[in-house]
Structures are given as C-alpha cells and as structure tokens.
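The next block holds one structure in the form of structure tokens; read it before the comments.
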Amino acid sequence: MNDDDLRALMRQADPTTGDPSLDDARIRRIVAAAERDDLAGNTATAPRHRRRLFAGVSLGAAATAGAAALIAGLVATPAIQAPGPGPDETPAACQVPTVASLREFDTAYEATATTVTGENVTLTVTQVFAGSPGTTLTVEQVEEGTGVLFTAGQTYLVATTDDFISPCDSGPATDALRQLYTTAFGTSSNG
C-alpha cells in the first residue's frame, strides 16, 4: 500500500467528505440558533436538556472535523527527516561504502579542501586512485546533510562519475575509508 492508496481509504472513511468545513463562527451561530429556537421554529427557550444535547453534538462534530483535518494533514505531509549528519558522518540514507560500490565510479582521489568560499570549494588533489581529476578542482559546496560538507584544511577521499561527487562513497579521509579506496582501485599515485 502506498501513500495514494492510504489517502483514498481516508477519503472513503471520512464522514464529512463534501460537507463545508465548520469554522468557529459557523459553530457559534448554529449553537446560538439552537438555543434560541425550538424545533417548530418558535423562539421560546428550549428545554435545558435539549440545549445540552445539541451543544454536545455540535462540539462532537467540530472535534470530528478537526481530527479529520489533522489526519489529512499528516497523510499529506512527508515523513519527518532526521537531522543531517555532522561533518565526519555520511548522510543517513547511505549505506557504508564497500569495495563494490567504489568500483562503480570512474574517478577517485584524495584531496585537501584548500579554500571554501560561499558555494565553491577548491580541492587540491594529493593522490589519484582512478581517472584523471587534475591537480586542482573547484566543486560546489553541498547543503548540510546532503553529502560531503567540505571544511577548509581537511582532507577527503572523493569518488565521482561525470563530475558528480558521491555523497555516500566520499567523505573525510580516514584510515578505514583509505583502505577501501586502495582495495577497490589499487595503489594510488601522487596527484
């Protein structure tokens, strides 16, 4: 069952489908009219128990409409995302890099972020594992939580295809990640 199927089931079960929504002013007018008029249209005061019953029904209808609106809002709202990872972590949706996942990239290198200026990051390549990235690259800084968040002075291992930096297979240069790159691409050469 997907979100569209769930929404359709909710609409079928909603007893207020097609009815105009009840705002506070409309509810007050209905309750006031019920307290003022009896069933025959006379303006004599209705018996006390009937007013309570009508007020209770009106409040119940308002609560039902409010609950339906809340549920519809929850169904239409995307799931709440966990906050993004810190600078030394991979994004939450990523699997841990593997030798097999790294081998899917045509370019892999180790580089130091020499400058970070607004949305641009200058990387100085220090080792090449695969491909020909050049000696200096300018790449776009990503939004926090969506990939490698570059910090000036830090060293990174980067895997790319068609100039797209993998947010999952790239990251800060650690011994464990460097070992995966070496296993996947063989001995590296100096940039």
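Being in a strand (DSSP E or B), modelled with pLDDT under 95, more than 30 Å from Ala8 (Cα to Cα) and not aromatic (Phe, Trp, Tyr) is a description that applies to Val139. Ser166 meets each of the listed conditions (1) touching a residue at least 12 places away in the same chain (Cβ under 8 Å); (2) open to solvent by 20 Å² or more (accessible area, probe 1.4 Å) apart from (2). Picking from residues in the range 105-123 that are in contact (Cβ under 8 Å) with a residue 12 or more places away in the chain and open to solvent by 50 Å² or more (accessible area, probe 1.4 Å), the one that is nearest to Ile165 (Cα to Cα) is Asp106. Here Pro87 meets each of (1) at pLDDT below 90; (2) more than 17 Å from Gly153 (Cβ to Cβ) with one exception, condition (2).
Residue by residue through the range 150-163, note down the ones that are within 18 Å of Gly131 (Cβ to Cβ) and crowded, with 20+ Cβ neighbours inside 10 Å. Explain how you work it out, then say what you get.
Filtering the range 150-163 for residues within 18 Å of Gly131 (Cβ to Cβ) gives 156-163.
The answer is Tyr156, Leu157, Val158, Ala159, Thr160.
The values are calculated or read from the model by the stated rules, or taken from the named source; none is laboratory data. Keep in mind that what you see is a predicted model, and the values were worked out from it rather than measured. Ideal geometry is used to build each Cβ from the backbone, glycine not excepted, and the neighbour counts take in all protein chains shown. Accessible surface areas use protein heavy atoms only, side chains included; no ligands, DNA or RNA. Shrake-Rupley method; radii C 1.70, N 1.55, O 1.52, S 1.80 Å.
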